[in-house]
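Participant: What follows is a single structure, and I will ask about it in a moment.
The values are calculated or read from the model by the stated rules, or taken from the named source; none is laboratory data. No experiment lies behind these values; they were computed from the predicted model shown. When we count neighbours, we look across all protein chains shown, and the Cβ atoms used for this are built from the backbone with ideal geometry, even at glycine. What goes into the accessible areas is simple: the full protein's heavy atoms, side chains included, and nothing from ligands, DNA or RNA. Shrake-Rupley method; radii C 1.70, N 1.55, O 1.52, S 1.80 Å.
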Amino acid sequence: MICTQTMKKTAVMFPGQGSQYLGMGKAFAEADSEAAAMMDMAESISGFPLRRLSYDGPLDELTRVLYLQPALTAVNLICWQQLCKCLPDWEPRFAVGHSLGEYSALYAAGVLSLQDTLNLVTRRGELMEREGERNPGGMVAVLGLDLAAVEELLAANEREGVAVVANHNTDRQIVLSGDSAGLAAAGTLCKEKGGKIIPLKVSVANHSPLVAGAVPDFAESMAKIDFQAPKVPVLFNVSAGLEHNPVRIRELMAYQIASKVRWLEIIEAMLADGVEVFVELGPKNVLTGMVKKILPKGSQTICLQADTPEDIDEVAQVIAG
């Protein structure tokens, strides 16, 4: 049994779109009946073959926002489920998620039930795929330039297509979202200033005006869902701040679809609170890599990622001190 008397102050983080890979979640479902049952529930609620898509692909099909949102959320929630089984009396200091991952954080914080979480991400995927078909676009990462520099370049390019800051991930990693003309023009300007451009594996211009048409319909869907006050503090993507009022949380989550993800500010707030361990629960280690870039030089803060049973055991041991 893991000792829980010396628990470290820990933040759990849940990844969003772009972290998917074929085989994600498979080891859990094969080894644990509760994990398999959670994947079964996700398939039943979404109506999609999430197990086949997650394990066998093809990757292009899994990457479709329609399928990816419930599939990735199911894997995130299985990782959380398995960590809670190792540490049954433990609660994190914070629960946060990047974009889509914020719904996993709301479940972990007790804001949403499991069924409502899976229903919402399925509906969100449907609406965002619809908007992506109506307003085609994509996303690119800009490395090496800070937010002020990128925003200045976008302001100079406001007449050519659509390109906006979608994610402020680290001081020198900004993600842009928009249509092909806007991203091409913005990319050229950023490269001229010394920035590096990396296209992202997403099928929709998330967190941009091109998906804003989903906001009112998603708000209508959320109005039917029971939201609770968080039992664990959540720092929200839209505001980078805490929120306890369920009505306000609904509003924030509706706006989140088309709003900037303020990830750098979220991590800085948790560091200021004294978080000792950051744990990314879900596929790959994208968020872990971001946190390492944000940490001050010489920081003793621990960064871990877990998406296999072995990883979960290691994380539980570290959290328990």
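Participant: How many residues does the range 289-309 contain that are open to solvent by less than 30 Å² (accessible area, probe 1.4 Å), touching a Phe, Trp or Tyr at 6+ places or on another chain (Cβ under 7 Å) and assigned to a helix (DSSP H, G or I)?
Facilitator: 2
Participant: Could you say which residue among GLU61, GLU30, GLU43 is touching a Lys or Arg at 6+ places or on another chain (Cβ under 8 Å), open to solvent by 10 Å² or more (accessible area, probe 1.4 Å) and not hydroxyl-bearing (Ser, Thr, Tyr)?
Facilitator: Only one candidate qualifies: GLU43.
Participant: Still on this structure, I have one more. Only strands (runs of 3 or more DSSP E) wholly contained in the range 77-187 count here; list those with 3 or more residues that are over 19 Å from ILE266 (Cβ atoms) and within 20 Å of the chain's Cα centre (by Cα).
Facilitator: In the range 77-187, the matching strands (runs of 3 or more DSSP E) lie at 138-143.
Participant: Right, here's the next one. Please indicate, with yes or no, whether at least one residue in the range 75-92 is open to solvent by less than 10 Å² (accessible area, probe 1.4 Å), at pLDDT 95 or above and of a type in the set (Asp, Glu).
Facilitator: Among the residues of the range 75-92, not one is open to solvent by less than 10 Å² (accessible area, probe 1.4 Å), at pLDDT 95 or above and of a type in the set (Asp, Glu), which makes the answer no.
Participant: When you go through (1) of a type in the set (A, V, I, L, M, F, W, C); (2) within 25 Å of ILE197 (Cα to Cα); (3) open to solvent by 20 Å² or more (accessible area, probe 1.4 Å); (4) in contact (Cβ under 8 Å) with a residue 60 or more places away in the chain one by one for LEU143, which number turns out not to apply?
Facilitator: (4)
Participant: Among the residues of the range 256-274, write down those that are without any contact (Cβ under 8 Å) to a residue 60 or more places away in the chain and in a helix (DSSP H, G or I).
Facilitator: Scanning the range 256-274 gives ILE267, GLU268, ALA269, LEU271, ALA272.
Participant: Any residue that is open to solvent by less than 60 Å² (accessible area, probe 1.4 Å), on the phi > 0 side of the Ramachandran plot, in contact with a Pro (Cβ under 7 Å, 6 or more places away or on another chain) and modelled with pLDDT of 95 or more - is there at least one of those in the range 106-117?
Facilitator: There is at least one residue in the range 106-117 that is open to solvent by less than 60 Å² (accessible area, probe 1.4 Å), on the phi > 0 side of the Ramachandran plot, in contact with a Pro (Cβ under 7 Å, 6 or more places away or on another chain) and modelled with pLDDT of 95 or more.
Participant: Please enumerate the residues belonging to the range 230-262 that are out of contact with any helix residue (DSSP H, G or I) (no Cβ under 7 Å at 6 or more places or on another chain) and aliphatic (A, V, I, L, M).
Facilitator: LEU242, VAL247, ILE249, LEU252, VAL261, listed by residue number.
Participant: A further question on this structure: Here are some residues: VAL238, VAL318, VAL286. Which one is touching a Pro at 6+ places or on another chain (Cβ under 8 Å) and either touching a residue at least 60 places away in the same chain (Cβ under 8 Å) or surrounded by fewer than 21 Cβ atoms within 10 Å (Cβ to Cβ) (or both)?
Facilitator: Step by step, each of VAL238, VAL318, VAL286 is checked, and only VAL286 is touching a Pro at 6+ places or on another chain (Cβ under 8 Å) and either touching a residue at least 60 places away in the same chain (Cβ under 8 Å) or surrounded by fewer than 21 Cβ atoms within 10 Å (Cβ to Cβ) (or both).
Participant: Among the residues of the range 194-211, count how many are of a type in the set (A, V, I, L, M) and open to solvent by less than 40 Å² (accessible area, probe 1.4 Å).
Facilitator: Qualifying residue count, the range 194-211: 5.
Participant: Here's a follow-up. Could you tell me how many of the residues in the range 146-169 are touching a Gly at 6+ places or on another chain (Cβ under 9 Å), open to solvent by 30 Å² or more (accessible area, probe 1.4 Å) and closer than 16 Å to VAL261 by Cα?
Facilitator: Within the range 146-169, residues that are touching a Gly at 6+ places or on another chain (Cβ under 9 Å), open to solvent by 30 Å² or more (accessible area, probe 1.4 Å) and closer than 16 Å to VAL261 by Cα number 1.
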